[in-house]
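The values are calculated or read from the model by the stated rules, or taken from the named source; none is laboratory data. Treat the numbers as computed from the prediction; the structure is a model and nothing was measured. Cβ coordinates were reconstructed from backbone atoms using ideal geometry, including for glycine residues, and neighbour counts include every protein chain displayed. Just so you know, the surface numbers come from the protein's heavy atoms only, side chains and all, with ligands and any DNA or RNA stripped out. Shrake-Rupley method; radii C 1.70, N 1.55, O 1.52, S 1.80 Å.
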Amino acid sequence: TNISYMFNNCKYFYNVKFNGRINNITSMEAMFQLCKNIEFKNIINLFDKQNANKLENIRAMFCKCTNLSFDNKKEMEEWFFKLPNDTKLYNMSLLFSGCKGLKQINWPNWKNVKFDKLEDISYMFNRCSNLLSVGYFRYFNTQNVKNMCGLFNGCKSLKNFTSSGKPTHDIYLNT
C-alpha cells in the first residue's frame with residue numbers, strides 16, 4: 001500500500017485518528033510534507049510493527065513540518081522501536097528536512113536495527129536549524145548507504161554528534 005503524499009501541504013492539519021489499520025504500507029513518502037502544525041504525538045498511532053515490516057520509503061515524510069517536535073524521549077523511542085531489526089527501508093532522505101522545531105533526536109534503537117537496505121539518507125536533517133544533538137547516531141549502520149550528501153546541512157546549532165561508518169566530513173557537504 002502506497003500512502004505517499006496523503007496529507008501533503010495540509011497546512012492546518014493537526015491530528016490523525018484512524019479507525020482500524022492500514023496494512024502492508026510500503027511508502028509514506030512526503031506523507032505529511034508541509035504540514036506545519038503537525039505534532040508527533042497525534043500521529044504515533046499510524047505506526048505499528050505490522051506496518052513497519054513492509055515499509056521501504058519514508059523520503060521527505062516530515063519535510064518542512066516546521067513545528068514538528070518530539071515532546072519527550074518516549075515518543076521518539078516508540079516510533080523507531082517499531083522498526084523491525086531487518087527493516088526494508090531504503091530511502092530516508094529529506095525525512096526531517098526543514099523541521100526547525102526539532103531540538104534533539106535520541107533513538108537508542110539505531111544500534112538494534114540493521115538498515116542493510118538503506119541507500120539514501122541525504123539531507124535527512126537539512127535545515128533543522130535548532131537541532132542540538134543526535135544521540136546514538138554512532139550506532140546507525142551507514143555501511144551500505146550510497147548518499148549522505150548534506151545530511152546535516154544548515155544544522156547550525158548541532159553540537160553533539162558522533163558517527164560511524166563514513167567520515168563525518170562527507171556528511172556535512174552540501175553538494
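Annotations for the structure displayed:
- Approximate spin-label separation Tyr139-Lys159, in nm, with each point projected 7 Å along Cα-to-Cβ: 2.4
- Given Lys54/Lys103; Lys36/Lys146; Lys114/Lys146; Lys36/Lys111, the pairs whose alpha carbons are separated by over 25 Å: Lys54/Lys103; Lys36/Lys146; Lys36/Lys111
- Amide proton proximity set for Asn106, modelled H, under 5 Å, gap of 5+: Gly135
- Taking amide H as placed 1.01 Å from N in the peptide plane, Ser129 has no amide H partner under 5 Å among residues 5 or more places away or on another chain.
- Principal axis dimensions, largest first and in whole angstrom, of segment 87-135 by Cα: 30, 20, 10
- For Lys11, the accessible surface of its heavy atoms amounts to roughly 100 Å² (probe 1.4 Å, protein chains only, rounded to the nearest 10).
- Taking all protein chains as shown and a probe of 1.4 angstrom, Arg59 keeps an accessible surface of around 80 Å².
- Across segment 117-122, computed HN-Hα scalar couplings (Karplus, 6.51 cos²θ - 1.76 cosθ + 1.60, θ = phi - 60°) run 9, 5, 10, 9, 10, 4 Hz from first to last residue, x flagging Gly and Pro.
- Nearest-10 value in Å² for the accessible area of Tyr139, using the 1.4 Å probe: 90
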